[in-house]
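Enquirer: Here you go, one structure.
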Amino acid sequence: MLVGVPVLFSLEPRSRVEELYDFRGELGELVDVYNSGRVAVVLGLRRMGKSSLVRSFLNSYGIPHVMIDVRRIIINEGRVSVRGFFNELSRALGDFLERNEDFRGRLVRYLSRIRGVSVSLSPPSVSLSWGRANRVPLTELLNAINEVAEDLGRKVVLAIDEAQELRGIGLSIPTLVAYIYDNLGSVVTIITGSQVGLMYDVLGLYEPDSPLYGRVVKEIRLKRLSREQSIEFLRLGFSEAGVNVSNEEIERAADLLDGIIGWLTYYGWYRVHGGLSLEEILDIASKQEVEELRRFLTKSRAEDRYKVILKTVAERPRKWSEIKRAVEAREGAEIDSHNFTKLLEHLVKLSILEKANDEYIIPDPVLRHGINKYL
């Protein structure tokens, strides 16, 4: 008989608070941001539950929201573009009208007055023009949402998931967020980002010339589970599924997957659903990660240098000088220190590397395993 997949091991993003595991502190921080009407930036590695946290918060607390999922743009368009952004915003606004009947009538009247906006109620849908000549002014859209929210005594969340991917499309996220912050008291902004360094580049939180500089922005950083929490999570999930797994295997999985809840979930799902061993599951996940990494590397003129850097750091934590010597040994020539440092900094911004105690590490254990074995 096929065993049902438990909630804890579901591979779908969580949508309710009761489906989350140990995010009480982060949920409390989001509640505080929402009540204060400010800005939250949710940061963390991939597979640490950022999207699940935000979606569960919004759904479980019944908060009206417009959710822009930048990954959906990439899936639908092949890349992030202005057209893709406005198509995703159109979808998100249509969902908002469908979910929030109290907003619907008033907001439709406001939106129908804005140049480049077409609205339908059967079913609720919104179409936004995106061409240069007739592009919808975002400020007017947001003003309309804010005014209706004020009339109703509500607050609306504008959520942008994986916002770092919007770089380079001509849309200034800091300017947009600063405009909301300064002018729209009934709109709260929540932004998530996996690539922590790039998020700082995108938002310019500490740059004096950034529109967001000096404003109150709450950073919510997701942490790895402790070893004890990882073991408890796996035991609860296997118990929920009615599957017996030895304590020894659970502890090995906790050690190998290093507290990243997405990988713990992935292991639990495959262990329950497919009956695969820990080693087989780690191998499948590692190959996926390395293939994604290769797509990034092949676009870079420094592909060979990046590979040497990553394989050197995957062996064990390394200092700057050790990594540089490894690259020079591979090339048989001295390389410029400034250019080399820029390569490391770029990998850190992408969250592929982290720097801790003057050493560089690969923080994702599955990616580290994959680089050692398959890159």
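Enquirer: Roughly speaking, what is the centre-to-centre gap between region 249-294 and region 17-86 when only Cα atoms are used, to the nearest Å?
Expert: Between the Cα centre of region 249-294 and that of region 17-86, the gap is 24 Å.
Enquirer: Here's a follow-up. Give the whole-number value, in cubic angstrom per residue, of the convex hull volume spanned by the C-alpha atoms of region 102-168.
Expert: Details: hull volume 7.6 nm³, N = 67.
Expressed per residue, the convex hull around the Cα atoms of region 102-168 is 114 Å³.
Enquirer: Right, something else. Express in % the proportion of alpha carbon pairs of region 58-175 at distances exceeding 16 Å.
Expert: Values: 4183 of 6903 pairs.
Value for region 58-175: 61 percent of Cα pairs lie more than 16 Å apart.
Enquirer: Another question about this same structure. Okay, helix-only estimate at 222 nm for the chain: each DSSP H run of n ≥ 4 adds -39500 (n - 2.57), divide by all residues, round to 500 deg cm²/dmol; what do you get? Write down the numbers at each step before the final one.
Expert: On the way: 16 runs with 202 residues, N = 375.
My calculation for the chain gives -17000 deg cm²/dmol from helical runs alone.
Enquirer: Taking just the alpha-carbon atoms of region 1-95, what radius of gyration and Dmax come out, in angstrom?
Expert: Cα only, region 1-95: 15.4, 51 Å (Rg, Dmax).
Enquirer: Please give the per residue accessible area of the chain, computed with a probe of 1.4 Å over protein heavy atoms only, in Å².
Expert: 48
Enquirer: Near LYS319, which aspartates and glutamates are there with a Cα under 13 Å away, not counting those fewer than 8 places off in the same chain?
Expert: GLU354, ASP358, GLU359
Enquirer: Out of the total accessible area of the chain (probe 1.4 Å, heavy atoms of protein only), what percent is carbon and sulfur? Don't skip to the answer; put the middle values down first.
Expert: Working: 8380 of 18040 Å².
Roughly 46 percent of what the probe reaches on the chain is carbon or sulfur.
Enquirer: Still on this structure, I have one more. Give the Kirkwood hydrodynamic radius (Å, one decimal) of region 253-375, defined as one over the mean of 1/r across all pairs of different Cα atoms. Walk me through the numbers on the way to the answer.
Expert: Numbers: mean 1/r = 0.0653 Å⁻¹.
One over the average 1/r among Cα pairs gives 15.3 Å for region 253-375.
Enquirer: Report, to two decimal places, the Cα Rg of region 283-345 normalised by 2.2 N^0.38 Å (N = number of residues).
Expert: Details: Rg = 12.4 Å, N = 63, 2.2 N^0.38 = 10.6 Å.
So the Cα radius of gyration is 1.17 times the expected 2.2 N^0.38 Å.
Enquirer: How many angstrom lie between the C-alpha centres of region 168-243 and region 340-375?
Expert: Cα centroid of region 168-243 versus Cα centroid of region 340-375: 21 Å apart.
Enquirer: How are the alpha carbon pair distances in the chain distributed across 10 Å bins from zero to the largest one, expressed in percent?
Expert: Reading upward from the zero bin: 5, 21, 28, 25, 16, 6, 1.
Enquirer: What distance in nm separates the two pseudo spin-label positions at GLU345 and ARG154, each 7 Å out from Cα along the beta-carbon direction?
Expert: Using points 7 Å along Cα→Cβ, the separation is 4.5 nm.
Enquirer: With contacts defined as alpha carbon pairs under 8 Å and 6 or more residues apart, what's the relative contact order of the chain in percent?
Expert: Working: 549 pairs, mean separation 72.6, N = 375.
Contact order relative to length: 19 percent.
Enquirer: Here is a further query. Of all alpha-carbon pairs in region 141-285, indicate the percentage at a distance above 25 angstrom.
Expert: Values: 5312 of 10440 pairs.
Every Cα pair in region 141-285 considered, those over 25 Å come to 51 percent.
Enquirer: Quick check: pseudo-label points 7 Å beyond the Cα along Cα→Cβ at ASP358 and ILE169, how many nm apart are they?
Expert: 4.3
The values are calculated or read from the model by the stated rules, or taken from the named source; none is laboratory data. What you see is a predicted model; the values in this text were computed from it and never measured. We place every Cβ from the backbone using ideal geometry, glycine too, and count neighbours over all the protein chains shown. Each accessible area value is taken on the protein alone, full model and side chains, heavy atoms only, with ligands, DNA and RNA left out. Shrake-Rupley method; radii C 1.70, N 1.55, O 1.52, S 1.80 Å.
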